[in-house]
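The structure follows.
The values are calculated or read from the model by the stated rules, or taken from the named source; none is laboratory data. Remember, it's a predicted structure, so these values are computed and weren't measured experimentally. Neighbour counts are summed over all protein chains in view; Cβ atoms, including those assigned to glycine, are modelled from backbone coordinates with ideal geometry.
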Amino acid sequence: MAQKSKHLYGPVPSRRLGLSLGVDLVPFKTCTLDCIYCQLGKTTHKTLERKEYVPVNDLINELKDVIEKGLKADYITLGGSGEPTLHSGIAGLISGIKKLTSIPVAILTNSTLFYLPEVRKDCSGADVILPSLDAGDQQTYELINRPLRQLTFDMLVEGLCALKKEYLGQIWLEVFFVNNMNTDEAEIRKIADAIKKISPDKVHLNTAVRPTAQKDIEKVPPEKLDEIARKLSPNCEVIADYISSHCRKQSSDVGQTLLSILKRRPCTLNDICSVLGLDAAEACGYLDKLKQDGLIWSENRQGKTYFGAV
């Protein structure tokens, strides 16, 4: 009998990566930051300690199992429930994935550890790195990202600049905007200056469309994001809500698959139907059962109902 995946989720539709199989490298909310907009909630283990949080062999075995079953995905994405570069075995994991499949590897990261040469080297085997930058100075960095005190905004930018010089793959930088926190003209100019220094291949703008760690986070209106994009960089793009064209059931155990996905990201009913290839009635049936069991919550945000794991 095939083993049950503990550290994989999806594939799920991603606004930037198409159909993405997620890999969790660290325990839930093990991170260097405590971002106010995080869709997973407050960071519970804030740390700079790099170690093998999950044995690389366990991750490789789980991936081998799903790949042998005929995995269909555009990317295998290292990210999930915390900061993946905290995993000291990330280089070995990337190397192991490359031996199993030709599916490209992506890393979703908060950028905080690229000031370390060993982290840059460990991530060098990935096909694309998707780092984040949400501020233009230390004050706004602390306001939005709430880093460990040892981490500074200058370290983050310098680390990304060094990554750009050394890394041969693509860098797609994400900037997350929170209305009235990093959206004034002065802050936009500072962010634009940082982007110019880093020189990423792409810049993606995002805002709070899903429930966030801090409840009073304001979404930036689409027209304002478009205006900001024009000011930031010529290779800048607003990433809107993803509407999936991938409709397939990923597992015979749909309820457990759904719960696994909701542990990593809140989803709407439409998201769930798209990811799992269900009609609305089927999806509601699974959601009702999970809700009765006390395993999920629901929340209305700006006219949409989101579901997430307790």
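Quick check on segment 160-181. Is at least one of its residues modelled with pLDDT under 95, acidic (Asp, Glu) and farther than 17 Å from residue 132 by Cα?
Within segment 160-181, none of the residues are modelled with pLDDT under 95, acidic (Asp, Glu) and farther than 17 Å from residue 132 by Cα.
Can I ask one more? Inspect all residues belonging to segment 175-198 and state whether any of them is assigned by TED's automatic domain parsing to the domain that holds residue 230, out of contact with any helix residue (DSSP H, G or I) (no Cβ under 7 Å at 6 or more places or on another chain) and of a type in the set (Phe, Trp, Tyr).
Looking for residues that are assigned by TED's automatic domain parsing to the domain that holds residue 230, out of contact with any helix residue (DSSP H, G or I) (no Cβ under 7 Å at 6 or more places or on another chain) and of a type in the set (Phe, Trp, Tyr), one finds at least one in segment 175-198, hence yes.
Go through (1) of a type outside the set (A, V, I, L, M); (2) in contact with a strand residue (DSSP E or B) (Cβ under 8 Å, 6 or more places away or on another chain); (3) at pLDDT 95 or above and name the single condition residue 82 misses.
(3)
Among the residues of segment 16-56, which ones are surrounded by fewer than 16 Cβ atoms within 10 Å (Cβ to Cβ), closer than 19 Å to residue 97 by Cβ and within 17 Å of the chain's Cα centre (by Cα)?
Listed by number, the list holds a single entry, 18.
Hey, among 234, 211, which residue is in a loop (DSSP other than H, G, I, E, B), modelled with pLDDT under 85 and in contact with an Asp or Glu (Cβ under 6 Å, 6 or more places away or on another chain)?
Result of the check over 234, 211: 211.
Right, next: I'd like the full set of residues that are under 18 Å from residue 197 (Cα atoms), part of a loop (DSSP other than H, G, I, E, B) and among the acidic types (Asp, Glu), limited to segment 114-158.
If the condition is that a residue be under 18 Å from residue 197 (Cα atoms), part of a loop (DSSP other than H, G, I, E, B) and among the acidic types (Asp, Glu), then 134, 137 are the ones that fit.
Taking segment 284-310 on its own, how many of its residues are out of contact with any Gly (no Cβ under 7 Å at 6 or more places or on another chain) and either aromatic (Phe, Trp, Tyr) or in a loop (DSSP other than H, G, I, E, B) (or both)?
The number of residues fulfilling the criteria is 7.
So in segment 159-193, with the set limited to residues that are part of a helix (DSSP H, G or I) and either touching a Gly at 6+ places or on another chain (Cβ under 6 Å) or acidic (Asp, Glu) (or both), which one is farthest from residue 31 (Cα to Cα)?
185
So for segment 101-115 (the condition being of a type in the set (Gly, Ala, Ser), surrounded by 20 or more Cβ atoms within 10 Å (Cβ to Cβ) and more than 30 Å from residue 298 (Cβ to Cβ)), does at least one residue qualify?
Yes, that holds for at least one residue.
Continuing with this model, one more query. For residue 59, state whether it is more than 20 Å from the chain's Cα centre (by Cα) and over 29 Å from residue 177 (Cα atoms).
no
On the basis of being of a type in the set (A, V, I, L, M, F, W, C), outside the structural domain of residue 259 (by TED's automatic domain parsing), part of a helix (DSSP H, G or I) and free of Cβ contacts under 8 Å to residues at least 60 places away in the same chain, does residue 67 make the cut?
The answer is yes for residue 67.
Now, a different point. Test of understanding: among 81, 95, which residue is in contact with a Leu (Cβ under 7 Å, 6 or more places away or on another chain) and of a type in the set (S, T, N, Q)?
Within the list 81, 95, the selection yields 81.
Under 7 Å between Cβ atoms, which residue pairs at least 6 apart in sequence (or on different chains) link something in segment 290-303 that is without any contact (Cβ under 8 Å) to a residue 12 or more places away in the chain with a partner that is surrounded by 10 or more Cβ atoms within 10 Å (Cβ to Cβ) and of a type in the set (S, T, N, Q)?
298/305
Out of curiosity, is residue 182 buried (at least 18 other Cβ atoms within 10 Å of the Cβ), touching a residue at least 60 places away in the same chain (Cβ under 8 Å) and among the polar types (S, T, N, Q)?
Considered against the rule, which asks whether it is buried (at least 18 other Cβ atoms within 10 Å of the Cβ), touching a residue at least 60 places away in the same chain (Cβ under 8 Å) and among the polar types (S, T, N, Q), residue 182 comes out as no.
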